[in-house]
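J.: Before we start, here is the structure in question, set down as structure tokens.
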Amino acid sequence: RTIQGERVGVLVHCSDGWDRTPQLCTLAQLCVDPYYRTIQGLQVLIEKDWMAYGHKFSDRCAHSTSQPSEERSPIFLLWLDCVWQIMRQFPTVFEFNEDLLLALLDNLYSCRFGTFLSNCFLDREKHLNASTLSIWRWVEQNYARFLNPDYAEYSEGPVIPSVNPKNIKVWEGYFERFDLSQLPFAPGSNNPTVYYD
């Protein structure tokens, strides 16, 4: 409220600026500026504050083929979970829906697109842009799939989500979308060992 109401600037500094900094800065921008709650705005936000500032996607997601990274950490997943929590509390102020968040996460780990494969902007520009596809082109081609039918442009100031633990929910669409009870198990077995033909 202070940022918006009194129009003050904010300086955010963490030890390296790769993890908590983009999480906090992008969440604040989502809450304050309705542009970032559009599909195009979300793309700009991710490209500007995550990719251009050097979030180490390759290390954090263990994309390395030589050996797993000791720096593996679900930083981007945590951020998208926070975005979903805000979307749940304010279901009409986001142009995009949960499917876009799920698509970003699925493709973060699938390596289908080059968007999230490198550790820095220079590596992405040098090695990936010419040889891989961008997830954003695919999002543009499937734009209607990611639109929130309840979206109503909101310009009455920032959205202030509740951080009361009672209002934080498990993101079932991500964490509970695969029903393990539907998987085939070994014949005659009551244990959860998955059986593959």
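J.: Arranged by the count of other C-beta atoms within 10 angstrom, fewest first, what order do 153, 95 take?
T.: Result, fewest neighbours first: 153, 95.
J.: What's the exposure ranking of 46, 86, 160, going from fewest to most Cβ atoms within 10 Å?
T.: Lowest to highest Cβ neighbour count: 160, 86, 46.
J.: Amide H of residue 96: which non-local residues (sequence gap of 5 or more, or other chain) have their own amide H closer than 5 Å, using H built in the peptide plane?
T.: 39, 148
Bear in mind that the values in this text are calculations on the coordinates, not laboratory data. What you see is a predicted model, and the numbers here were worked out from it, not measured in a lab. Cβ: placed from backbone, ideal geometry, glycine included. Neighbour counts: every protein chain shown.
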